[in-house]
Amino acid sequence: MTQSPFLQVRFLGVAAYEMIARDGRRVLLDPFLTGNPTCPVGPDNFDRVDLIIVTHAAKDHLGDTARIALNSGASVICGGEVRAYLEAHGVPSSQIRVTAWGMRLEVAGFEVQTLECRHCSFTTLPDGTFVSGIPLAFLLDLNENIRWYHPGDTSLFHDMKLQAELYRPTIGSLGIANPAGIPSNAPGKKLTTDLSPREGVIAAQWLGLNTVLPCHYTSLDDDLVRAFMRCVDDARTNGETVPEILLLEPGEWLRIAADGSIYPTTASMEIENSNGRRDGFPI
Amino acid sequence: MTQSPFLQVRFLGVAAYEMIARDGRRVLLDPFLTGNPTCPVGPDNFDRVDLIIVTHAAKDHLGDTARIALNSGASVICGGEVRAYLEAHGVPSSQIRVTAWGMRLEVAGFEVQTLECRHCSFTTLPDGTFVSGIPLAFLLDLNENIRWYHPGDTSLFHDMKLQAELYRPTIGSLGIANPAGIPSNAPGKKLTTDLSPREGVIAAQWLGLNTVLPCHYTSLDDDLVRAFMRCVDDARTNGETVPEILLLEPGEWLRIAADGSIYPTTASMEIENSNGRRDGFPI
Amino acid sequence: MTQSPFLQVRFLGVAAYEMIARDGRRVLLDPFLTGNPTCPVGPDNFDRVDLIIVTHAAKDHLGDTARIALNSGASVICGGEVRAYLEAHGVPSSQIRVTAWGMRLEVAGFEVQTLECRHCSFTTLPDGTFVSGIPLAFLLDLNENIRWYHPGDTSLFHDMKLQAELYRPTIGSLGIANPAGIPSNAPGKKLTTDLSPREGVIAAQWLGLNTVLPCHYTSLDDDLVRAFMRCVDDARTNGETVPEILLLEPGEWLRIAADGSIYPTTASMEIENSNGRRDGFPI
């Protein structure tokens with residue numbers, strides 16, 4: 001079987017990612033597509049999906065999981081409350097693997113480590129009942145050089161350092177903004193998301209990531225994204241080590257070689273490295 | 001608009017607090033009034049409520065939130081399971097802001113930081129279904145000198161030190177007793193609450209508070225309150241630094257000046273300070 | 001009243017333990033008996049049960065609690081979602097004591113400290129509704145020399161060190177495998193449980209246990225049990241201090257004297273101690 005030289009990863013906005021492994025298997029992370037204002041694809045646009053990984057039951061993460069799982073027959077890794085939701089929407093239990101913090105799985109040929117994060121997870125079933133559970137973070141152990149960290153949503157906690165020691169994530173996303181364009185009638189406003197811009201920098205450091213993909217936005221034209229980048233700059237000015245930051249537009253692809261080298265595919269990005277090139281920020 | 005020189009805070013028993021800002025806005029924290037044996041006010045006794053903050057769905061914290069929100073039109077900050085409860089009791093979703101650990105909000109003109117705590121949160125809806133979620137702690141950032149920490153219920157955890165570093169709470173409550181006078185037919189008895197007396201002292205130290213209001217009692221004539229004060233004394237005897245402790249009777253008011261100075265309003269209290277005055281303990 | 005010289009403890013497979021105190025009171029921990037492939041007893045085989053302690057609502061821990069509580073009238077210590085389950089199965093609320101992390105209880109004459117652990121807890125009620133809550137760990141403070149730690153399921157977290165400082169557990173179980181023989185139609189497979197073999201060793205060290213009973217297996221002929229024992233050996237080879245490890249077959253009894261000395265009752269085990277005897281491993 002021909003292998004692509006690259007793992008390909010596309011950011012779909014908010015915390016949704018599409019991954020195509022070198023052998024063609026496709027993984028979707030938190031596939032919130034319908035209602036995601038700048039997402040370039042819909043739930044019926046995939047010719048093949050092998051695995052869907054869902055961190056928690058919030059609409060902007062669980063998203064179109066049920067429909068894609070029904071269309072594709074993909075396996076789903078998730079928590080118990082997400083399984084309840086999926087089963088209520090007709091997904092067979094034989095497609096669903098429930099996991100919990102610490103557990104390491106092999107599903108659809110992928111090794112997936114479940115990690116703790118700090119957030120909530122709840123939704124409502126079609127019959128109106130409320131379900132909740134624990135939020136999950138994940139590390140996809142893709143090869144010896146690529147360990148992809150996907151926390152969904154999380155606040156900052158010291159055991160991120162423990163995760164760095166035990167699992168050595170190399171690249172991953174961190175939600176540092178609030179998605180614009182998703183209607184809400186709640187009073188007041190959010191000043192930060194679960195990680196403030198400064199906490200996002202600390203999380204990136206504690207997790208020991210080489211490369212961070214900020215996420216949980218729908219456009220790079222976002223005050224919290226800008227505030228995060230200022231915190232990155234401030235940290236470097238203060239002599240702190242900060243991982244490489246990759247700012248992706250919704251729809252952008254990355255190519256990652258087997259040795260972990262990252263090749264962006266659009267001119268809107270520059271990749272910072274230890275030789276002093278600047279973080280990309282196309283605004 | 002005339003401003004009061006003071007933020008006024010009244011302890012209402014258990015973990016309920018009433019705050020009146022200098023401009024007259026009223027905030028209620030965990031307003032458990034009906035069934036709270038020594039609470040001096042009822043849910044219909046407020047001429048104005050701007051904001052209600054609910055840490056978790058337990059009856060002794062959620063309390064009269066639904067009724068007060070319906071009466072007053074106040075905004076409510078809470079978790080998803082509390083929103084489900086409030087909506088089931090008729091509170092419009094446009095009054096409810098759901099939050100999660102790490103998130104910073106502005107509601108009713110108040111800056112409110114949501115913080116992690118360690119407890120549970122569950123209740124039953126009118127249709128008999130069970131709902132649960134994560135418990136929330138809060139920091140009200142009232143001005144540059146007053147950052148009020150309100151944990152609801154929590155056990156001890158090391159990331160309290162992280163909260164101290166990131167958010168520098170100045171004054172706050174800590175539940176160190178079990179409310180007397182609330183009927184239960186459960187077998188056995190509670191020997192401590194979620195913080196043992198000694199753990200309450202450690203929590204106060206780790207949070208870096210200047211002033212601690214012990215709470216989760218209905219009367220100062222309480223063995224766990226006495227045990228907590230003995231632990232405070234023991235810690236000081238051992239050379240440990242312990243924040244100022246303010247023991248309030250249900251119904252007592254504090255006045256807090258803009259510079260953070262605290263003025264008790266009743267003779268039953270003395271305020272300990274670094275010049276050696278003693279903690280108040282009116283028994 | 002005649003006292004036995006020993007506390008007697010029987011491992012029932014997975015995470016189920018039966019304890020008979022010196023005065024004859026019986027405690028069951030996570031009594032998953034029906035459907036537990038190698039469990040030697042059923043729910044109707046106890047002449048007396050005084051207390052049942054349930055860590056979380058998963059079938060392999062909650063197990064036969066409802067039936068045994070109904071048969072025996074035993075008190076149950078558990079979380080709110082387990083109470084909802086038990087009440088839906090007819091157990092009177094007067095038999096159920098709900099607890100939360102940090103809380104210390106006295107029930108049926110036993111002092112029981114509730115401790116934090118990191119897992120999930122959910123199940124389905126007879127009417128089909130989904131309930132969830134926080135998982136609980138416990139320390140049974142049996143006497144000044146025996147403090148039994150029972151975490152149910154947990155992943156690794158740094159505050160285990162805090163638990164060691166505050167509560168000084170002496171002996172306890174740690175789930176390091178996945179029970180064989182329990183049917184599942186979920187896709188893929190589990191490579192580890194919530195504690196990987198190496199993490200199980202670290203947890204044992206951080207908790208400061210003198211003696212560890214690995215658990216969450218149905219047979220000692222288990223790859224993860226073997227992997228755990230290799231990690232124990234590796235740690236010792238590396239000069240790390242590792243507690244005594246006791247591998248029990250489902251059905252095996254331990255006798256523990258009031259001074260904490262442990263007397264195994266079968267020839268399949270040898271007890272490691274500081275004088276160089278080897279950990280028992282009967283394969």
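The values are calculated or read from the model by the stated rules, or taken from the named source; none is laboratory data. All values reported here derive from a predicted model rather than from experimental measurement. Ideal geometry is used to build each Cβ from the backbone, glycine not excepted, and the neighbour counts take in all protein chains shown. Side chains are part of the model used for accessible areas, which takes the heavy atoms of the whole protein and leaves out ligands, DNA and RNA. Shrake-Rupley method; radii C 1.70, N 1.55, O 1.52, S 1.80 Å.
Per the conditions (1) more than 9 Å from every other protein chain (Cβ to nearest Cβ); (2) in a loop (DSSP other than H, G, I, E, B); (3) of a type in the set (Lys, Arg), the sole criterion not satisfied by residue B:118 is (1).
Figure legend. Inter-residue proximity from the stretch A:69-97: first residues over 17 Å from residue A:50 (Cα atoms), second residues acidic (Asp, Glu), beta-carbon distance below 9 Å, spacing 6+ or different chains. Indicated pairs: A:88/A:127.
Filtered by the rule that a residue be in a helix (DSSP H, G or I) and open to solvent by 10 Å² or more (accessible area, probe 1.4 Å), the stretch B:200-228 gives B:202, B:205, B:206, B:223, B:224, B:226, B:227.
Only a single criterion out of (1) without any contact (Cβ under 8 Å) to a residue 60 or more places away in the chain; (2) among the aliphatic types (A, V, I, L, M); (3) over 22 Å from residue A:121 (Cα atoms) is not satisfied by residue C:62, namely (1). Among the candidates C:276, C:251, which residue alone is in a loop (DSSP other than H, G, I, E, B), at pLDDT 95 or above and at positive phi? The conditions single out C:251. Scanning the stretch B:60-72 turns up no residue that is open to solvent by 40 Å² or more (accessible area, probe 1.4 Å), under 30 Å from residue B:144 (Cβ atoms), at the interface with another protein chain (Cβ under 9 Å from one of its Cβ atoms) and modelled with pLDDT of 95 or more. Within the stretch A:169-179, the set of residues being open to solvent by 20 Å² or more (accessible area, probe 1.4 Å) and either at the interface with chain B (Cβ under 10 Å from one of its Cβ atoms) or out of contact with any Phe, Trp or Tyr (no Cβ under 7 Å at 6 or more places or on another chain) (or both) comprises just one member, A:178. Checked against the criterion of being β-branched (Val, Ile, Thr), more than 23 Å from residue C:116 (Cα to Cα) and in contact with a strand residue (DSSP E or B) (Cβ under 9 Å, 6 or more places away or on another chain), the stretch B:189-205 has no qualifying residue. Determine, yes or no, whether residue C:179 is part of a loop (DSSP other than H, G, I, E, B) and free of Cβ contacts under 8 Å to residues at least 60 places away in the same chain. For residue C:179, the condition - part of a loop (DSSP other than H, G, I, E, B) and free of Cβ contacts under 8 Å to residues at least 60 places away in the same chain - is not met. Condition (residue is surrounded by 22 or more Cβ atoms within 10 Å (Cβ to Cβ) and more than 10 Å from every other protein chain (Cβ to nearest Cβ)) applied to the stretch A:183-198: is it met by at least one residue? The answer is yes; a qualifying residue exists.
Confirm whether residue B:80 is open to solvent by less than 10 Å² (accessible area, probe 1.4 Å), within 13 Å of chain C (Cβ to nearest Cβ) and closer than 25 Å to residue C:87 by Cα. In short, yes.
Within the stretch A:124-168, the residues that satisfy the criterion of being away from every other protein chain (no Cβ under 11 Å) and either part of a loop (DSSP other than H, G, I, E, B) or open to solvent by 30 Å² or more (accessible area, probe 1.4 Å) (or both) are A:126, A:142, A:143, A:144, A:145, A:151, A:152, A:168. Restricting B:14, B:27 to those that are among the aliphatic types (A, V, I, L, M) and farther than 17 Å from residue B:51 by Cβ reduces the list to B:14. Of the candidates C:109, C:90, the single residue that is open to solvent by 40 Å² or more (accessible area, probe 1.4 Å), farther than 17 Å from residue B:120 by Cα and either at the interface with chain B (Cβ under 9 Å from one of its Cβ atoms) or β-branched (Val, Ile, Thr) (or both) is C:109.
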